[in-house]
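Notes to accompany the following structure.
The values are calculated or read from the model by the stated rules, or taken from the named source; none is laboratory data. These numbers come from a predicted model, not from an experiment. For neighbour counting, all protein chains shown are included, and Cβ atoms are generated from backbone atoms with ideal geometry for every residue, glycine included. Side chains included, ligands, DNA and RNA excluded: accessible areas come from the protein's heavy atoms. Shrake-Rupley method; radii C 1.70, N 1.55, O 1.52, S 1.80 Å.
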Amino acid sequence: MKKDKEIKKEKDKETRLLENAFTLFTEKGIKDTSIQEIVDKAKVAKGTFYLYFKDKYEIRDILIAKKSEKLFKEALEELRKNYITNLSDQVIFIINHVINELSKAPALLKFISKNLSWGIYHSTILKIYEETEKKEDSIYNLFLKGAKEAGLKLKNPEVTLYMIIELVSSTCFNSIINKEPLPIEEYKSYLYEAIRKIMNGD
């Protein structure tokens, strides 16, 4: 069994690789970033990279999933500071918080691109939930539990949540970056109306 110090050392290397890969990906782009540059910046041997990741595209996918999940987690923490009991209002509060954070961080938005749902459904995040048993602390659980308690007549609540996040992800990217079909602050009212209709089964 590995000693705690050794485990921490290995985790530190993995964290350094992730953090420095993210910096390079957002500064140079994934295509123009090499694995050698990542390991040099992280100050680890190239062989160490392959202990954790298959290639730079795997580290990209893991980063997208983790960064997206962090956005939802922070939004959920903010939700708990407010007294909001209606499920639709809770979901829109979370979505609004995520949109606002992405609007303030264009580099992160471009990196995540249209893959926001990976923060809930990507295998990396699902594995973290399995290992830590913290899936109850997520928008996924909030939605499924809330839909059941509210008696929402949804054919498949999990699919409904996926559709909502995909709608937000794809349309908000264009709205924030290109201001199409409208600038994000103008677009929000249309988006939130659509989300309410989806949740009501309209």
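Output the 0 to 90 degree angle, nearest 10, between the alpha-carbon long axis of helix 87-104 and the longest principal axis computed from the alpha carbons of the chain. Taking Cα atoms only, the helix is inclined about 40 degrees.
Compute the angle between helix 123-132 and the longest alpha-carbon principal axis of the chain, please, reported from 0 to 90 degrees and rounded to the nearest 10. So the inclination is approximately 90 degrees. Geometric descriptor of segment 1-112, per residue, is 142 Å³ (volume of the convex hull of the Cα atoms). With the gyration tensor restricted to C-alpha atoms of the chain, the semi-axes of the equivalent ellipsoid amount to 34, 21, 13 Å, longest first. Against the chain, whose longest principal axis is taken from its Cα atoms, helix 4-28 shows a tilt of about 70°. Once C-alpha pairs closer than 8 Å and six or more residues apart are averaged by separation and normalised to the residue number of the chain, the relative contact order reads 19 percent. Comparing mean-square fluctuations of Leu182, Leu76, Leu116 from a GNM of the chain with C-alpha springs under 10 Å, the top value falls on Leu182.
Accessible area per residue for the chain is 59 Å², calculated with a 1.4 Å probe on protein heavy atoms, without ligands, DNA or RNA.
For segment 104-123, the residues whose amide N sits under 20 Å from a probe point set 7 Å from the Cα of Ile177 along the beta carbon direction are 104-120.
For Lys43 and Lys110 in the same chain, what is the full-extension length gain: residue separation times 0.36 nm, less their Cα-Cα distance, in nm? Numbers along the way, then the final one.
Numbers: separation 67, 0.36 × 67 = 24.12 nm, distance 2.63 nm.
Taking Lys43 through Lys110 to full extension adds about 21.5 nm, to one decimal.
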